[in-house]
Each structure stands twice: as structure tokens, then as C-alpha cells.
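Throughout, read-outs are computed from the coordinates displayed, never taken from laboratory work. Predicted model only: the values in this text are computed from it and were never measured. Positions of Cβ are generated from backbone atoms using ideal geometry, with glycine treated the same way; all protein chains shown enter the neighbour counts.
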Amino acid sequence: MLLVSSPVLGVPEKAALAKVIDSGWLTMGERVRAFEEAFALMHEAEDCVAVSSCTAALHLILHGLGIGPGDEVLVPSLTFVATANAVLYVGATPVFVDIESADVPLMSLKEAEARCSPRTRAVILVHFAGYLADKDAWQAFASARGLSIIEDAAHAPGLKAVGTFGAGAAFSFYGNKNMTTAEGGAVIARDPQLLDRIRQARAHGMTTGTRQRLNSRTAHYDVTMLGFNYRMDEMRAAIGLVQLQNLQEWNEIRRILVVLYRRLIALRCPAITIPFEEPRASAYHIMPILLPRYVNRQHVVDELRAQDIQTTVHYPPVHQMTLYRELYPGTHLPRTEDFAERELTIPLHPQITAPAVEAVVDVLATALNSGIHAGTAA
Ligand SMILES: *Cc1c(COP(=O)(O)O)cnc(C)c1O
């Protein structure tokens, strides 16, 4: 089966894991610290905090900024549900904002302006599919209104501009992301005080960690804020250190595969449109395509699946999930809804070969032709 995404794991990861086990120190030790330093360096940041997931990272940033009940946070609906869930965790209200267009499925600045209220405190930008939001425009928007910018950078690790937009950026190392630690995440925040608060809140709000207490031979610690258990462990950090060494090369392979997909699809399936026609910085996390309205998507999915090619949809809109429909009934985001109805995500990861890309486009071309009839019949 050709999967939509697949982690690259091998002997170096196994060796790194074995070393951790031999060391006898399993969590929040020197490997977590080394991973934080290496990840920060790649993004030209002073420092970062490794955590248990991107969801935890988003929660910690909102918590660290003191966002809470009565506050509103602008979020896209074309994202993974965690982006909006994190806003609910701190008791604030997520306000869903439509995308710009089918070609630029990132949060619309114009719509964001329209959704601002005196209670708006922050905006969470998602670099959808790895493509960076417009930094200058969002910084102007946020500074004019005194809002914090939070980047949900789950799709865009490895890009230098990520983590420079505003208050902080949250990264994911889940198994289907550009690099993985199985479960895991990180926070980049340029304000050292905010990053300190996040570091403390990651481990129960305690003033020192287990390792520090071992080194300083004192058992004393205090708890000076409400914290969580969002720690990363040494096994994950060890895998992360290996993965990080490959991230730039993997992102480059992804880019080349996307160029090939774009060329072949334009040639063989001109009815398909591919978002982000204009070049922009990207970590090429996924390969989204938009089917023409007259084609039955399920038919295309079935045809690809019959040839052992997996597809997914990014994303079923968050505002249409039962939880969010019940919380915020009547939310209508026409461009997000249209995009989500036509979107199909085809395989993209560093182990895909050029012939595999050609095979996917072959099946797509055939499925599209027969899909017109399937669509008419439906
Ligand atoms: C994967 C993902 C998350 C959640 O990441 P976890 O590490 O699984 O918590 C959040 N936002 C986006 C956009 C994602 O793709």
C-alpha cells in the first residue's frame, strides 16, 4: 500500500533507543536538552521547549500568554481539531475564520478582520500543508490590534521563518509529520520570559526538574504556578535527534516530489487544481489536490484504493464536528466547506519514488474520466 504519509525509521533510531535503555535514565535528561538545543538552532531560535505533543505545545503557549475565559482566539476551521481544542482547554472561545480561497487555503486576513471583537486576544495561524502564511501582513494585522500571533507549525518544521511570526510556534512530531518522535512536540517562543513560563508549566509548575535536583543534591522544589505533565522522554528525544539530522533533506525530497506531481497532474489531469499555484516557502507536509465539482470524490478514492494507493482528506472542517456544531451552532464558512468537499490528499513522503508519483497520477487520470459518469449517476 502506498501510504499518504510514512515515517522514515531505521538502524540509527534503533541504536539511539538502545543507548537510552543502556543509560538507565529515561526521561527529561541530557537527550531532551540536546534535542531542544538542536531544534532551536535549526530554526535560528535562542531556545525551545520539548513537550509531549503539538496539542500540549498549543495549550502551553495559550496558558503562558494568560489567555482564558472571556477571551476570543481566531482559528482556522481547515485544520486538525487540536488547534481549536487548545483554545477550549484554557477556557477561551475559538472564533472560526474562513480561508482566503481554494488556491490559498490559509486563514483569510479580511475575514479575520471581520471576526475581531474587543475580546479578541490572539490568532492561531496554521501553515496549511507546510505553506507559510504571509508574515508581514499578519504582523501588521496583529500589532494594529494588540493581538498575539501563535503559529500552529505542525506542518512546517525546518523552515527558518517558522517561529518568528509572533508570540510562539507549536510543532508536532507525531508519526505522520515531516519528522517524528512517535508522539512529541516543541515550543519556540522568542520572549525568554514566556519560554520560561512554558518550561515550568510543562512539568507541573515545579521550580526545578528531577535531573537538576540530582545534580544539585537538594530535594527542594516549589510549585509557583498551575502546571501540567507535558514532558518529553529520553527515548523520544533520542529518536528526534536522529530524525532532525535528516529533516532538511527529507523536506527537499518532498519539494521535488511536489514539483513532479504538479507537472504530471497539469499534463494528465488538467481538471484538477492544486492549491498554492504561486510559489511560497513550504515544508511540503502533504499533497492536497482539488477535484472538479462534477467528479464524485468517493469514486476517485475507491479507484485509487483498488490500486493500493491510500488517500485522506485535509480536513473535515472543525466547525462541522458535532462538538463544535453544538457549541457554536450556525457557523458557516463557505470557502472552507467547498474546499473540504473537493479536497483529496495523495501520498507524499520521502520514501516515495518518481515512478510511484507517475502511477498515482495515472490512476487519478483514469478515475477522473470514469468519475464523471459516477458523479452524474449519483
Ligand atoms: C498533527 C497536528 C496537530 C496535533 O499534533 P499532536 O502532536 O498530535 O498533538 C495540531 N495541528 C495540526 C495542524 C496538526 O497537523
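If each residue's Cβ is checked for other Cβ atoms within 10 Å, how do GLU277, GLU252, GLU234, GLU151 rank with the fewest at the top?
On the way: GLU277 10, GLU252 13, GLU234 24, GLU151 29.
Going from least to most buried by this count: GLU277, GLU252, GLU234, GLU151.
Give me the angle, in degrees from 0 to 90, between the Cα long axis of helix 297-306 and the longest principal axis of the Cα atoms of the chain, rounded to the nearest 10.
With both axes taken from Cα atoms, the answer is about 80 degrees.
Just to be sure I understand: of the beta bridges DSSP finds with both ends in the stretch 11-242, what percent are antiparallel, rounded to 5? Could the numbers behind the result be given before it?
On the way: 11 of 28 bridges.
About 40 percent, rounded to the nearest 5.
Determine which lysines satisfy two conditions relative to LYS177: a Cα distance under 29 Å, and not lying fewer than 8 residues away in the same chain.
Within the straight-line limit of under 29 Å, LYS177 reaches these lysines: LYS14, LYS19, LYS135, LYS160.
What is the stretch 253-292's relative contact order, in percent, from Cα pairs under 8 angstrom and six or more apart in sequence? If you can, show how the numbers build up before the last one.
On the way: 26 pairs, mean separation 19.2, N = 40.
Result for the stretch 253-292 is 48 percent.
Which cross-chain or sequence-distant (5 or more) residues have an amide H under 5 Å from the amide H of VAL126, H modelled 1.01 Å from N in plane?
Those lying under 5 Å, H to H, from VAL126 are MET107, ASP152.
Figure the gain on full extension for ARG293 and VAL81 (residue separation times 0.36 nm, minus the Cα-Cα span) and round it to one decimal in nm.
73.8 nm
How fast does the stretch 66-150 diffuse by Stokes-Einstein, in µm²/s, taking the Kirkwood radius from C-alpha pairs at 25 °C and 0.890 mPa s? Please report the intermediate quantities before stating the final value.
Details: Rh = 12.8 Å.
It comes out at roughly 192 µm²/s.
Within 10 Å of each residue's Cβ, count the other Cβ atoms and sort CYS116, CYS269, CYS48 from fewest upward. Could you put the intermediate results ahead of the total?
On the way: CYS116 17, CYS269 21, CYS48 27.
Least crowded to most crowded, the residues run CYS116, CYS269, CYS48.
Sorted from largest to smallest, which semi-axis lengths in Å does the alpha carbon gyration tensor of the stretch 247-377 give for its equivalent ellipsoid, taking the root of 5 times each eigenvalue?
Values: eigenvalues 132, 85, 35 Å².
Output for the stretch 247-377: semi-axes of 26, 21, 13 Å.
Over the stretch 11-242, what is the mean sequence separation of C-alpha contacts under 8 Å (at least six apart), divided by residue count, expressed as relative contact order in percent?
Averaging sequence separation for qualifying contacts and normalising by length gives 27 percent for the stretch 11-242.
Once the Cα atoms of helix 54-64 and of the chain are each reduced to a long axis, what angle between those two axes, in degrees from 0 to 90 to the nearest 10, is obtained?
Helix 54-64 sits at roughly 50 degrees to that axis.
Just subtract the alpha-carbon distance of ASP308 and SER143 from 0.36 nm times their residue separation and send over the number in nm, one decimal.
Working: separation 165, 0.36 × 165 = 59.40 nm, distance 4.88 nm.
Full extension of this stretch gives 54.5 nm more.
For the stretch 312-369, evaluate the Debye formula with one uniform point scatterer on each Cα (no solvent term) and list log10 I(q)/I(0) at q = 0.12, 0.29 Å⁻¹, rounded to two decimals.
Summing over Cα pairs of the stretch 312-369 leads to -0.47, -1.16.
Taking R0 as 22 Å, what FRET efficiency do you get between VAL223 and LEU26 from their Cβ-Cβ distance, rounded to the nearest 0.05? Spell out each step's value before the answer.
Details: r = 23 Å, r/R0 = 1.04.
Efficiency for this residue pair is about 0.45.
Would you mind calculating the relative contact order of the stretch 247-377 from Cα pairs under 8 angstrom and at least 6 residues apart, reporting the percent as a whole number?
On the way: 149 pairs, mean separation 51.5, N = 131.
Relative contact order for the stretch 247-377 comes out at 39 percent.
Roughly what % antiparallel, to the nearest 5, for the DSSP beta bridges in the stretch 119-225? Intermediate results must be reported in sequence, preceding the final value.
On the way: 5 of 14 bridges.
Counting DSSP beta bridges with both partners in the stretch 119-225, the antiparallel share is about 35 percent.
If you build the Cα gyration tensor of the chain and take the root of 5 times each eigenvalue, what three semi-axes come out, in whole angstrom, biggest first?
Working: eigenvalues 266, 143, 55 Å².
Three semi-axes, in Å: 36, 27, 17.
Cα-based Rg of the stretch 3-130 per 2.2 N^0.38 Å, rounded to two decimals? Could you put the intermediate results ahead of the total?
On the way: Rg = 18.7 Å, N = 128, 2.2 N^0.38 = 13.9 Å.
Relative to the rule-of-thumb radius for its length, the stretch 3-130 sits at 1.34.
Among HIS155, HIS43, which comes first, second and so on when ranked by fewest other beta-carbon atoms within 10 Å?
Values: HIS155 27, HIS43 20.
Least to most surrounded, the residues fall as HIS43, HIS155.
Quick one: net charge of ALA271's neighbours, Cβ under 14 Å, K/R +1, D/E -1?
Summing Lys and Arg as +1 and Asp and Glu as -1 gives +4.
Per DSSP helix of 4 or more residues, -39500 (n - 2.57); summed, then divided by the residues of the chain. What does that give at 222 nm, rounded to the nearest 500? Before the final figure, lay out each step's value.
Details: 13 runs with 165 residues, N = 378.
Computed ellipticity for the chain at 222 nm equals -14000 deg cm²/dmol.
Given R₀ = 45 Å, what would the calculated FRET efficiency be for SER117 paired with ALA18, taking r from the Cβ atoms and rounding to 0.05?
Numbers: r = 54 Å, r/R0 = 1.20.
E between SER117 and ALA18, to the nearest 0.05, is 0.25.
Can you check how the C-alpha radius of gyration of the stretch 13-75 compares to 2.2 N^0.38 Å, as a plain ratio? Please list the in-between numbers first.
Working: Rg = 16.0 Å, N = 63, 2.2 N^0.38 = 10.6 Å.
Scaled against compact globular proteins, the figure is 1.50.
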